[in-house]
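Have a look at the structure below, then the notes.
The values are calculated or read from the model by the stated rules, or taken from the named source; none is laboratory data. Predicted model, so just to flag it, every value in this text is computed and none were measured. Cβ atoms come from the backbone with ideal geometry, glycine included; neighbour counts cover every protein chain shown. Only protein heavy atoms, including side chains, enter the accessible area calculation; ligands, DNA and RNA are left aside. Shrake-Rupley method; radii C 1.70, N 1.55, O 1.52, S 1.80 Å.
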Amino acid sequence: MAGPPNVRRPATLASLAAELGVSRTTVSNAYNRPDQLSAPLRARVLEAARRLGYPGPDPVARSLRTRKAGAVGLLLTEALSYAFRDPAATGFLEGLALACEQAGQGLLLVPVSPDHADVTAVHQAGVDGFVVYSVREDDPHFLAVLERPVPTVVCDQPMNVEGVDRVGVDDRSGMLALTRHLTGLGHRRFGVLCMRLAAGHNDGPASAERQANATYPVQRNRLAGIRDGLAEVGVDWADVPVHERFDHSVDAGQDAAAELLAAHPDVTALVCTSDILALGALRHAAERDLAVPDQLTITGFDGVPEAERAGLTTVRQPVREKGRVAGELLLERGDRNRPRQITLPTELVVGTTSGRPRVEERFFSGW
């Protein structure tokens, strides 16, 4: 029986250097420091590497030598698909990717489950720093990030973490502006759909205690903005039904709207703490033949493209800009040892989904 055919081993850095009659440093520079070589010499090295099958320097060995991974880690406490399914997350990811591209850095997604405390993925991530995208204050993965001796930037939440840069918006004032718009139209009977407030699945009414103990500051502040606006016109927050959903999806918004409106059919304004939940509420209204806004006003928060196409009244935030700024804060940190807090502006967008309450409610505003 014939033996296996002779297989030529791939060239190594040393054998390539010997073939060309140059030093190993010269070969290494052709890949890692091209400015150190003349263009003809670098071209000759790379051509010989292709001919001899040299794959280039070992990235693992290089990272061990330089102690640099050449990548930014994005901590996302959701399934990996969430980054490509949720419009706000997708916009943020695009902005962060642009910042990494401009700095010549890679981007490593580190998705972890919000239901599990296994922080192995955080400990093993080969990155030079972390961008943390909107996690709760007591999230174990975030605490694991803080244990790593690398710079960290938080987007949105948690807030006011010592030594950590943060970029976000003023969620409370943004929601206050939207609520004032609705009370100015004459609404006094409100219902609220919110994203998850704390650990654990709670698909249903959010009690006053759960609201008070919320560990997602963004949701806590958006609810506070609604509460502030209603207090200005004498509406007791205790009379406002708040329904929470663990999953952030159109289906979850549709289900939550059905649940809340079945229990509180007198609601004239349904305020959602995200556009995704509001799009679900609009779907429920269409299925129930509820005219929006003649019979029911529905609003959101984020300003994602899908909301704009639906004509949703919402609060627009610059999600792509948040990603870009977060990346720049991390990649351009230099020797700065004082954290920076950057608050980007929001904008009230009045669409076609908000209007005056139905006729029988107008006495509230003294018409």
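Scan region 218-246 for residues that are in a helix (DSSP H, G or I), open to solvent by less than 40 Å² (accessible area, probe 1.4 Å), among the hydrophobic types (A, V, I, L, M, F, W, C) and touching a Phe, Trp or Tyr at 6+ places or on another chain (Cβ under 8 Å) and jot them down.
Selection gives 226, 230.
How many of the residues making up region 200-217 are exposed (fewer than 14 other Cβ atoms within 10 Å of the Cβ) and among the hydrophobic types (A, V, I, L, M, F, W, C)?
Final tally of qualifying residues: 2.
Of all residues in region 188-227, how many are over 14 Å from residue 239 (Cα atoms) and more than 25 Å from the chain's Cα centre (by Cα)?
1
For region 104-196, list the helices (runs of 4 or more DSSP H) that sit wholly inside it and hold at least 2 residues that are touching a residue at least 60 places away in the same chain (Cβ under 8 Å); which are they? Explain how you work it out, then say what you get.
On the way: elements: 120-124, 140-147, 171-185.
Passing ranges, in order: 140-147, 171-185.
Filter region 322-360 down to the residues that are acidic (Asp, Glu) and surrounded by fewer than 18 Cβ atoms within 10 Å (Cβ to Cβ) and list them by number. Walk me through it before giving the result.
At the first step, the residues of region 322-360 found to be acidic (Asp, Glu) are 328, 332, 335, 347, 360.
Within region 322-360, 332, 335, 347, 360 meet the criteria.
Among what's in region 276-308 and is among the small types (Gly, Ala, Ser) and over 24 Å from residue 172 (Cβ atoms), pick the residue that is most open to solvent (accessible area, probe 1.4 Å).
My answer is 286.
Can you report the number of residues in region 68-88 which are aliphatic (A, V, I, L, M), surrounded by 19 or more Cβ atoms within 10 Å (Cβ to Cβ) and assigned to a loop (DSSP other than H, G, I, E, B)?
Taking region 68-88 first, the residues aliphatic (A, V, I, L, M) are 69, 71-72, 74-76, 79-80, 83, 88.
If we keep only those that are surrounded by 19 or more Cβ atoms within 10 Å (Cβ to Cβ) too, we end up with 69, 72, 74-76, 88.
Add one more test, that the residue is assigned to a loop (DSSP other than H, G, I, E, B), and what stays is 69.
The qualifying residues number 1.
Anything in region 159-190 that is out of contact with any Ser or Thr (no Cβ under 7 Å at 6 or more places or on another chain) and more than 26 Å from residue 299 (Cβ to Cβ)? List them, or say none.
Selection gives 160, 161, 162, 163, 165, 166.
Restricting attention to region 1-24, and to residues there that are in a loop (DSSP other than H, G, I, E, B) and open to solvent by 100 Å² or more (accessible area, probe 1.4 Å), which single residue is modelled with the highest pLDDT?
So the first thing to find is which residues in region 1-24 are in a loop (DSSP other than H, G, I, E, B), and the list is 1-12, 21-23.
Retained after the next criterion (residues that are open to solvent by 100 Å² or more (accessible area, probe 1.4 Å)): 1, 4-9.
Working: 1: 45, 4: 46, 5: 47, 6: 46, 7: 44, 8: 50, 9: 59.
It comes out as 9.
Results for (1) surrounded by fewer than 19 Cβ atoms within 10 Å (Cβ to Cβ); (2) over 11 Å from the mean Cα position of the chain (by Cα); (3) not β-branched (Val, Ile, Thr), shown as yes or no for each residue.
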residue	(1), (2), (3)
102	yes, yes, yes
111	yes, yes, yes
119	yes, yes, no
133	no, no, yes
142	no, yes, yes
148	yes, yes, yes
